[in-house]
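A.B. asks: Supplied in structure tokens, the structure appears directly below.
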Amino acid sequence: PRNLPTMVERADKAHAKVAVLFVDLDGFKRVNDTFGHGAGDEVLQHVAKRLKVAVRPHDHVVRLGGDEFVVVLELIREASEAEHVADRILHAFHAPFSTSKGTASVGTSIGISLYPVDAKDMETLYQHADLAMYQAKTSGKNRYHLFNPAFHETMRQRTRREKELRAAIAENQFVMHY
């Protein structure tokens, strides 16, 4: 949301935290492929409603695009508050979604990052929530993960290795021995 910097200022004054929950739908592509994009749009509308019901009245729900949403929790004291909201979101997706084309099941993977614990600036806060969501997806989907610096470092090393391997291939640095 555009007012995230204001939320951060309020959190600083109150010695509180802001949580960013990056919510990505699991199985949404299957809905579009099976029922069509019209049904997919219906599911997205239902998702937005369920998210708004699952979060607290003063929390913010924003659709980033595609099947990605962000939930911002303002003035929280502990990570457990964000985890509680994430649990409520996961529970909200247990029931299938009714569309004009049929019933569709969609899950969600959620990544959580906290200001100022995990990041001090907005861009990094979003990136860390996104990375935590990726960890939730790679751990089996339909779950949440808090940002984990060790996972972040593992992903950075993997990206560096991939870059080095591509460069080595491009520069013919491999020699085959047999």
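The values are calculated or read from the model by the stated rules, or taken from the named source; none is laboratory data. Bear in mind that the values here come from a model prediction, so they are computed numbers and not experimental data. Quick reminder, even Gly has a Cβ in these numbers, built from the backbone with ideal geometry, and neighbours come from all protein chains shown. Accessible surface is based on the protein model in full, side chains and every heavy atom, while ligands, DNA and RNA are left aside. Shrake-Rupley method; radii C 1.70, N 1.55, O 1.52, S 1.80 Å.
A.B. asks: Pairs of Cα atoms under 8 Å, at least six residues apart: use those to get the relative contact order of region 73-113, whole percent.
C.D. replies: Normalised by residue count, the contact order of region 73-113 is 29 percent.
A.B. asks: Right, something else. Under a point spin-label approximation (7 Å from Cα along Cα-to-Cβ), what is the ARG77-MET176 distance to one decimal in nm?
C.D. replies: Rounded to a tenth, the inter-label distance reads 6.5 nm.
A.B. asks: In nm, what is the difference between 0.36 nm times the number of residues separating GLN157 and HIS84 and their Cα-Cα distance?
C.D. replies: This chain segment gains 23.1 nm when fully extended.
A.B. asks: Taking all pairs of distinct Cα atoms, average 1/r, flip it, and tell me the Kirkwood hydrodynamic radius of the chain in Å to one decimal place.
C.D. replies: After inverting the mean inverse Cα-Cα distance, the result is 17.7 Å.
A.B. asks: Would you kindly state how much longer the chain becomes between ARG30 and ALA167 on full extension, computed as 0.36 nm times their sequence separation minus their alpha carbon distance, in nm to one decimal?
C.D. replies: Length gained between ARG30 and ALA167: 45.7 nm.
A.B. asks: Mind giving me the nanometre distance, one decimal, between the label points for SER98 and ARG56, set 7 Å out from Cα along Cα→Cβ?
C.D. replies: Between SER98 and ARG56, the label points sit 3.2 nm apart.
A.B. asks: Name the aspartates and glutamates eligible as straight-distance cross-link partners of LYS101: C-alpha to C-alpha under 17 Å, and not fewer than 8 places from it in the same chain.
C.D. replies: ASP33, ASP41, GLU42
A.B. asks: From the phi angles alone, apply the Karplus equation (6.51, -1.76, 1.60; θ = phi - 60°) to region 27-42 and give each ³J(HN,Hα) in whole Hz, x where the residue is Gly or Pro.
C.D. replies: x, 6, 4, 4, 5, 4, 5, 7, 9, x, 5, x, 5, x, 5, 4
A.B. asks: Past the 15 angstrom mark, what percentage of all C-alpha to C-alpha distances in region 1-84 do you count?
C.D. replies: Here the long-distance tail beyond 15 Å is 61 percent of all Cα pairs in region 1-84.
A.B. asks: Let me ask something additional. Bin by bin, in steps of 10 Å, what percent of the Cα pairs in region 114-178 do you find, going until the bin that has the longest distance?
C.D. replies: 19, 35, 23, 16, 6, 0
A.B. asks: Something else now. Given the protein chains as shown and a 1.4 Å probe, how many square angstrom of ASP118 are accessible, to the nearest 10?
C.D. replies: Approximately 40 Å² of ASP118 is accessible to the 1.4 Å probe.
A.B. asks: Same structure, new question: What is the gain in length, in nm to one decimal, between THR138 and GLU68 on full extension, counting 0.36 nm per residue of separation less the C-alpha to C-alpha distance?
C.D. replies: 23.6 nm
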